Amino acid sequence: MKVQLIPLSFHLKSISMKKTIAFLCILLSVSFLFAQNNEMIVTHDRPNSQEILDRPYVVMVSIDGFRYDYVKKYGAKNIEAIANQGVQAASLIPCFPSSTFPNHYSLVTGMYPSSHGLVSNTFYRPSDMKKYRISDREVVSDGEFYGGKPIWVAAEQQGMRSASFFWVGSEADIEGVFPANYYRYNKSVPYKKRVKQVNKWLKESPETRPHFITLYFSLVDSKGHAFGPDSDEVRDAVLEVDAIIGMLWKKLQKTGLPVNMILVSDHGMQQTKNDEAIFLKGQTDLSEYDIAPSSGVINLLYAKNESVDIEKTIEKLKAKAEGRYKVYRPEEVPEHLNYSDNDRLGDIVVYSLAPYVFGNPAWKPSPGAHGFDPYQAKDVHGIFYAIGPHFQSGVTLDSFENIHVYPAVMKILQLEYDAESIDGDLAPLAPGLKTE
């Protein structure tokens, strides 16, 4: 970050020396904090175990909000070539809610959100009513919010080094483990810098070289929210990221290592009826509830005390639904959503049906959104493309849920895991994997 300083002489003439010094201190502090947020964090110096050295490598890349049909819709030639040369799925089905944090964490744990605990981008932990929200650095780094065993945790525990240039959960102390190297999330870090760092990691000595690396890009999602999935801005974002992926794959090939690259997205993007937004609090009196809204699609309601008549609230909300949203007790949420059996879901689950979204009288919702039931709105489906020595060539798989990515990665890396403790299964991806 370049900080432009106004000439000191100007300040001395217009304000006091004391104020000038204070101003400069603030600028230096901002610069320091920015630098800190861009520094790689090294958590340990343990080398790869001897039996790890000859194992393959996996670089797992997330393109947030990249819809299942964007490659052909916008002519993403580099990604299309990778898909055609490797393995591709008709679409990658996100977990419900089809939101960023729950699905990124499902991808690396093989668990549904109700199993791993990140039940939404925003929710309360009933044990202490502490609020989890993606913009809160403190809670995002709190390992107590995260269940399951992410791939990097399993890798580090089994003597394999890992690294992360952003991924949900990578900044949190989960079972006392972090990736060997990781970055705190900072959206402003240039994409080329991220790619160069991945390449640098893979050029390290075999003893320190990470075998599992995560990488994340947010641009397509940001533009999808702001302008809608059919916009020129999304097209430009897709093509920009496509060029970055092309650069990344060329660098990975040049390493000469057995590197497998997996491209995924946490969800797609739905065009919304944002001019017909639903004001949840306008449907009935909800003053007796703490509300955790997310993505303009899902709202989790927590009764403030035991005297609240929850059933009456549900009845009143249902009476105003008019086919725009659904209302359930957590234990009554439709089975196909696998969204129950977790007290973090609160007392009432309310979610909109695409293309409707929740809003507020003070502002108009975005024209693009996600979070919807993926079996009701296919436009929230994402992508799965994989290429490398452990994947077949020219194979197209049927659409599958993203929880099944985890066991495939664990198999490639030859890492042990408890199949009974996860929701994913190797079977959907098995036809795309090379047999030993």
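Here, each number is a calculation from the coordinates, and none is a lab measurement. All figures in this text were calculated on a predicted structure; none of them were measured in a lab. Neighbour counts are summed over all protein chains in view; Cβ atoms, including those assigned to glycine, are modelled from backbone coordinates with ideal geometry.
When the Cα convex hull of the stretch 304-391 is projected onto planes of every orientation, the mean area is 9.2 nm².
Coordinate range of the alpha-carbon atoms in the stretch 242-329 per principal axis, descending: 65, 33, 17 Å.
Spin-label model, SER421/THR435: points 7 Å from Cα along the beta carbon direction are separated by 3.0 nm.
Take the Kirkwood radius over Cα pairs of the chain, plug it into Stokes-Einstein at 4 °C and 1.567 mPa s, and you get 56 µm²/s for translational diffusion. If only the Cβ of Lys and Arg carry +1 and only the Cβ of Asp and Glu carry -1, the dipole of the chain around its Cα centre is close to 2220 debye.
Among VAL357, VAL380, a tally of other beta-carbon atoms within 10 Å of each Cβ gives an order, fewest to most, of VAL357, VAL380.
Within the stretch 197-218, what residues put their amide N at less than 18 Å from the label point 7 Å along the Cα-to-Cβ vector of THR255? So the set is 197-217.
Of the DSSP H helices in the chain, those that are both long (alpha-carbon extent of 20 Å or more along the helix axis) and hydrophobic (Kyte-Doolittle mean at least -1.0) are 17-37, 232-254. By the count of other C-beta atoms within 10 Å, a proxy for reagent exposure, THR255, THR109 are ordered fewest to most as THR255, THR109. Other residues with beta-carbon under 15 Å from the beta-carbon of SER393 carry, at +1 per Lys or Arg and -1 per Asp or Glu, a net charge of 0.
Quick one: of LYS77/LYS223; LYS72/LYS434; LYS318/LYS378; LYS223/LYS250; LYS131/LYS273; LYS196/LYS434, which pairs are farther than 23 Å apart, Cα to Cα? Correct reply: LYS72/LYS434; LYS318/LYS378; LYS223/LYS250; LYS131/LYS273; LYS196/LYS434. Cross-link reach is defined here as a Cα-Cα straight distance under 16 Å, omitting same-chain residues fewer than 8 places apart; for LYS251 the aspartates and glutamates meeting it are GLU204, ASP242. Give me the aspartates and glutamates in straight-line cross-link reach of LYS411: C-alpha distance below 16 Å, same-chain residues under 8 apart excluded. In chain and number order, the partners are GLU51, ASP54, GLU156, GLU420, ASP423, ASP425, GLU436. A cut-off of 5 Å between modelled amide H atoms, ignoring neighbours fewer than 5 places along the same chain, links PHE400 with SER91, ILE93. Take the chain and mark each of the chymotrypsin sites (Phe, Trp or Tyr not before Pro) that is in a DSSP loop with at most 15 other Cβ atoms within 10 Å; the longest unmarked stretch, sites excluded, is 1-278. Only beta bridges with both residues in the chain are counted; by DSSP, about 55 percent of them are antiparallel. Counted residue by residue at 0.36 nm each, then reduced by the alpha carbon distance between them, the extension gain from GLU233 to ARG46 reaches 62.9 nm.
Each label was represented as a point 7 Å from its Cα along the Cα-to-Cβ direction; for TYR375 and VAL139 these points are 2.9 nm apart.
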